[in-house]
Amino acid sequence: MIAAQLLAYYFTELKDDQVKKVSDYNTFTVLFPLEWVSSARVDAADSHGHWLMVDAICISICLWDIVAHSLTKCGIGFVMSYVTCSAASSHTYSSLCEACTMLFISGQSFSSYRLYSSNIIDKYLYSMRFSDETLHDIKCRFRRELENGLGRDTHTTATVKMLPTFVRSIPDGSEKGDFLALDLGGSNFRILRVKVTQDKKQPVQMESLVYETPEDIIHGSGTQLFDHVAECLGDFMEKQKIKDKKLPVGFTFSFPCAQTKLDEAVLVTWTKKFKVSGVEGMDVVKLLNKAIKKRGDYEADIMAVVNDTTGTMMTCGFDDQRCEVGIIIGTGTNACYMEELRHIDLVEGDEGRMCINTEWGAFGDDGSLEDLRTEFDREIDRGSLNPGKQLFEKMASGMFMGELVRLILVKMAKEGLLFEGRITPELLTKGKIETKHVSAIEKSKEGLTKCKEILTRLGVEPSQEDCVAVQHVCTIVSFRSANLIAATLGGILTRLKDNKGVARLRTTVGIDGSMYKMHPQYARRLHKTVRRLVPDSDVRFLLSESGSAKGAAMVTAVAYRLADQTRQIAQTLAEFRLSKAQLLEVKKRMRTEIENGLGKKTHDSATVKMLPTYVRSTPDGTENGDFLALDLGGTNFRVLLMHNKIYAIPIEVMQGTGEELFDHIVHCISDFLDYMGMKSARLPLGFTFSFPCHQKSLDAGILVNWTKGFKCTDCEGEDVVELLREGIKRKEEFDLDVVAVVNDTVGTMMTCAYEEPTCEVGLIAGTGSNACYMEEMRNIETVEGNEGRMCVNMEWGAFGDNGCLDDIRTQYDCAVDENSLNEGKQRYEKMCSGMYLGEIVRNILIDLTKRGFLFRGKISETLKTRGIFETKFLSQIESDRLALLQVRAILQQLGLDSTCDDSIIVKEVCSTVSLRAAQICGAGMAGVVDKIRENRGLDHLDVTVGVDGTLYKLHPHFSRIFHQTVKELAPKCNVNFLLSEDGSGKGAALITAVGCRQRAQEAQQAAQQA
């Protein structure tokens, strides 16, 4: 009793927006508390009528008696609309039918209506009502059909054709221009002139005219149809006074078409009552162009042909850039959405997305919906122009909804269940009940009145009970349509969610169509069911205000924007794409700089210093003993002796004093020796010092200048070995025998030479870039002696510091140089090393963003941060295995909110910058190996290059492009590349071993001479 009283109180306290009106009667939507609900489920009156609407509730009969009694005592009239239930609740339902009287209120007086029995609804309408379980099943069936349509092997037999539209991008707001749009898809043909500007108050201005498409043309020949379209277009251009202009045209052609490009569309099949001969299998753009050319009084540039669904998505996409789905729910029904290109087997390429026209009207043509079709659906299909085709559309679209209702009413009348058995010629006439009549009948206020008017025109003399029943029939038929559309849309939304790999999808669906717009309950029902079927999605439904024709103009505008954007981006990146002739010129200039560095007279002014290392031989396999190695060349410092330990170098040490740097190094050595338990031994030491040094002997290296971000004071011009020895003395904890100081490049060569005796060249392609090789002593004019060979540390990072590479440097290279710690120095290194590639990319992205090509023209604070775009991100972004979704995730980690199109551009920028880096590095190496070949007077040289460095090791394409470039530019050299497995630290130990071996040999020779 308390619960019933609360319910009665609820009715009396309803707010205005909770009360729905039907004629003169108040009706209420009620949600009973769960504790009142039995285990059986009863779908409620909202899906059957507009009386007391109980949202999916089954309550016990005794409780209903209490509620009804309490409501009556409170003076509240109520209506129990007719209810269906599952088999499990049939007893409860029967009890309800027996116990309840159908009442409706008029002031304070009550009248009684009989409650229609369950037999009627079960017999005619039960199969049109779907449980959530059934809707989920339909959703899954449709997902499978989507995949079949996308697959190369299954597309031919798929019913849902998933046609590529070649629309690759939605509007981003930067579109502008003057466009024409044609919209052919029904009995009316519309032409628009669309002006797109950057005016925020009125970005789109439109003028349009509607032309009738006569019935004889809809069922005539292709020539008649396209002559009619061309005539209408000419009339429109005449009235707009633009016949002398050749404006870009977008063509909305709302029939299934196969496309291989944006401005080509081959008609697959006619739908929507069109039966024009000679068009199926033909390119409709060519047919229209032929008709226009035949007239000869104007020109038109048809840039894009799109489906009305795609047009709807693009129209809404101009207002909401999250819009990635378009739906038409009108005379016909269809959907499109943005699919990942990698899933579209019929289109080449894996990058980006493309709008797919699903043509979902044919869903079920293979029999997959046969268990859900009713006798009325089959009758509709048999009487259609295309039996067996577009079965889903015939169940859900507006074209067939009125006829479905008519067929149901005819059968009910024949069985004496409506109109006292009266059947009139009007009721038997196909098309007499239209979808607009269904919408009118279902209106909340005047629905029953409209129903009576419509039925009276059919001559059936309906009673009030007949009107209520017909309203229920209309509701169930339209509700089924909304449920079917919700299930298939749910399939698209779940696919989008899976494609994006997100826990919750946030998207916008653009919708157009008379059914969605005009039916009083359709939109609400659709939204509610979608949210129930796809609960892990936030979906905004956006009504297309300007129709699909504006969308065709938007597609054209986007195509213009993308073409212009592509051209400008290509111009920007063209500076990085070097021809073979340019690369040969780089090789030639490198050879010139090598000669300058080796020459005594030109050495001082040379940029490529060609520093002698005093390493005169590679390991011969006799080396043995314990050797300590230090490796300093970046932000980390390694100490090695069988084991190795890595120590960080803080930025304040890198840019502090020399004494602080070497004290830190000695502290790290001390820690390592403690760790190894070898502090008491005086070990021979090899010091890999990866900065330009001028050596006078193997164990003496004068620092020429710092690179790689180091700026320690009191070091340049000093012997780094002496600085290390002084640091060891200050520590006073251990002593070491510094045998050799070497560059990391030399260390790499020695490491690889230990494994492969033909290794005579070393290359570092990592944070920095450098090379070394075994040069003939006779060519090294800065060192005494002509016999044998010596490893020369090229220090090629400075190549170009004299301006010899200015013709291939870009504004972005200059910007990176200007903001570096060593402006004007290491220019070649700044074009091809890992330390700078990310920074080059960042500067390009800033420029493209300023020009409106990226990130919606907004430069984030993150993008302004120097060094934020590390080279490791290039390696990740350029990975062949990485989808654009993952590229977006990387950009989002960097605080860059990117679209799919942004990701494509960023990936192209990264690949272009790294391509040039690998090519110019390869050009330099080609110069080196050709020099070795010529030194030895060989027609053909076999040589191995030892390589180390993160860029070479980790970048997905650098090594391949580098190898290819060397091969093309040095065709007389067979160059093998051997990756250094243990870095330059092991090389320093090997050089130390070689140095100790040479010391022993020299001591032995001296003893013999004595």
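The values are calculated or read from the model by the stated rules, or taken from the named source; none is laboratory data. Just so it is clear, the model here is predicted, and its values are computed rather than measured. Reconstructed Cβ throughout: ideal geometry from the backbone, glycine too, with neighbour counts over all protein chains shown. Calculation scope for accessible area: heavy atoms of the full protein, side chains included, ligands and nucleic acids excluded. Shrake-Rupley method; radii C 1.70, N 1.55, O 1.52, S 1.80 Å.
Some notes on this structure:
- Sole exception among (1) without any contact (Cβ under 8 Å) to a residue 24 or more places away in the chain; (2) over 21 Å from Lys517 (Cα atoms); (3) not in a loop (DSSP other than H, G, I, E, B) for Lys450, by number: (2)
- Lone qualifier among Gly402, Gly459, Gly416 - being in contact with a Ser or Thr (Cβ under 6 Å, 6 or more places away or on another chain), open to solvent by less than 60 Å² (accessible area, probe 1.4 Å) and either more than 18 Å from Met518 (Cα to Cα) or among the polar types (S, T, N, Q) (or both): Gly459
- Yes/no for Thr713 being open to solvent by 60 Å² or more (accessible area, probe 1.4 Å), modelled with pLDDT of 85 or more and in contact with a helix residue (DSSP H, G or I) (Cβ under 7 Å, 6 or more places away or on another chain): yes
- Filtered residues of segment 668-702 (kept if over 53 Å from the mean Cα position of the chain (by Cα) and among the small types (Gly, Ala, Ser)): Gly677, Ser680, Ala681, Ser697, Ala700
- Residue check for Glu403: more than 23 Å from Thr475 (Cα to Cα) and touching a residue at least 12 places away in the same chain (Cβ under 8 Å): no
- In segment 820-829, the residue that is surrounded by the most Cβ atoms within 10 Å (Cβ to Cβ) out of those that are of a type outside the set (A, V, I, L, M, F, W, C) and in contact (Cβ under 8 Å) with a residue 24 or more places away in the chain is Gln826.
- Of the criteria (1) buried (at least 18 other Cβ atoms within 10 Å of the Cβ); (2) among the hydrophobic types (A, V, I, L, M, F, W, C); (3) within 30 Å of Phe274 (Cα to Cα), which one Leu385 fails: (1)
- Going through (1) outside any helix (DSSP H, G or I); (2) modelled with pLDDT of 90 or more; (3) surrounded by fewer than 16 Cβ atoms within 10 Å (Cβ to Cβ) one by one, Glu545 falls short only on (2).
- Scan of segment 807-819 for residues that are part of a loop (DSSP other than H, G, I, E, B), in contact (Cβ under 8 Å) with a residue 12 or more places away in the chain and not β-branched (Val, Ile, Thr), ordered by number: Arg809, Asn819
- Extreme residue, nearest to Val887 (Cα to Cα), among residues of segment 331-362 that are surrounded by fewer than 24 Cβ atoms within 10 Å (Cβ to Cβ) and of a type in the set (Gly, Ala, Ser): Gly352
- When segment 271-292 is filtered for residues that are open to solvent by 10 Å² or more (accessible area, probe 1.4 Å), among the hydrophobic types (A, V, I, L, M, F, W, C) and outside any helix (DSSP H, G or I), only Met282 remains.
- Meets criteria (acidic (Asp, Glu), assigned to a helix (DSSP H, G or I), open to solvent by 10 Å² or more (accessible area, probe 1.4 Å) and more than 19 Å from Thr871 (Cα to Cα)) for Asp901: yes
- Per-region count, segment 161-183, residues in a strand (DSSP E or B) and within 15 Å of Phe251 (Cα to Cα): 6
- Among the residues of this structure, Glu755 counts as one that is closer than 30 Å to Phe962 by Cα and surrounded by fewer than 19 Cβ atoms within 10 Å (Cβ to Cβ).
- Residues that are farther than 30 Å from Val761 by Cα and either in contact with a Pro (Cβ under 8 Å, 6 or more places away or on another chain) or part of a loop (DSSP other than H, G, I, E, B) (or both) are absent from segment 823-846.
- Residues that are aliphatic (A, V, I, L, M) and at pLDDT below 95 were ranked within segment 478-504; the one that is most open to solvent (accessible area, probe 1.4 Å) is Ala503.
- Note on segment 765-792: residues that are over 50 Å from the mean Cα position of the chain (by Cα) and in a loop (DSSP other than H, G, I, E, B) total 9.
- From the list Leu698, Leu703, the lone residue that is farther than 25 Å from Thr871 by Cα, surrounded by fewer than 22 Cβ atoms within 10 Å (Cβ to Cβ) and not small (Gly, Ala, Ser) is Leu703.
- Selection of segment 501-541 for residues being in a loop (DSSP other than H, G, I, E, B) and closer than 19 Å to Ile138 by Cα yields Val534, Pro535, Asp536.
Quick grid of which residues meet (1) surrounded by fewer than 19 Cβ atoms within 10 Å (Cβ to Cβ); (2) of a type outside the set (Ser, Thr, Tyr); (3) out of contact with any Lys or Arg (no Cβ under 9 Å at 6 or more places or on another chain):
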position	(1), (2), (3)
Phe853	no, yes, yes
Thr865	yes, no, no
Gln893	yes, yes, yes
Asp930	no, yes, no
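- Among the residues making up segment 946-987, those that are in a strand (DSSP E or B) and either open to solvent by 10 Å² or more (accessible area, probe 1.4 Å) or within 23 Å of Lys580 (Cα to Cα) (or both) are Asp948, Cys973, Asn974, Val975, Asn976, Phe977, Leu978, Leu979.
- Verdict on Val929 being among the β-branched types (Val, Ile, Thr), modelled with pLDDT of 95 or more, closer than 30 Å to Ala700 by Cβ and assigned to a helix (DSSP H, G or I): yes
- Matching residues in segment 363-380 - criterion: being closer than 30 Å to Ala265 by Cβ, open to solvent by 10 Å² or more (accessible area, probe 1.4 Å) and in contact (Cβ under 8 Å) with a residue 24 or more places away in the chain: Asp365, Asp366, Ser368, Ile380
- Flag for Leu845 being closer than 11 Å to Cys910 by Cβ and in contact (Cβ under 8 Å) with a residue 12 or more places away in the chain: yes
- Residue within segment 932-945 that is surrounded by 19 or more Cβ atoms within 10 Å (Cβ to Cβ), outside any strand (DSSP E or B), touching a helix residue (DSSP H, G or I) at 6+ places or on another chain (Cβ under 8 Å) and not β-branched (Val, Ile, Thr) present: no
- Matching residues, segment 293-306, being open to solvent by 10 Å² or more (accessible area, probe 1.4 Å) and either of a type in the set (Ser, Thr, Tyr) or touching a residue at least 24 places away in the same chain (Cβ under 8 Å) (or both): Lys294, Arg295, Asp297, Tyr298, Glu299, Ala300, Asp301, Ile302, Met303
- When restricted to residues that are open to solvent by 10 Å² or more (accessible area, probe 1.4 Å), within 30 Å of Asp365 (Cα to Cα) and in contact (Cβ under 8 Å) with a residue 40 or more places away in the chain, segment 165-217 contains 6.
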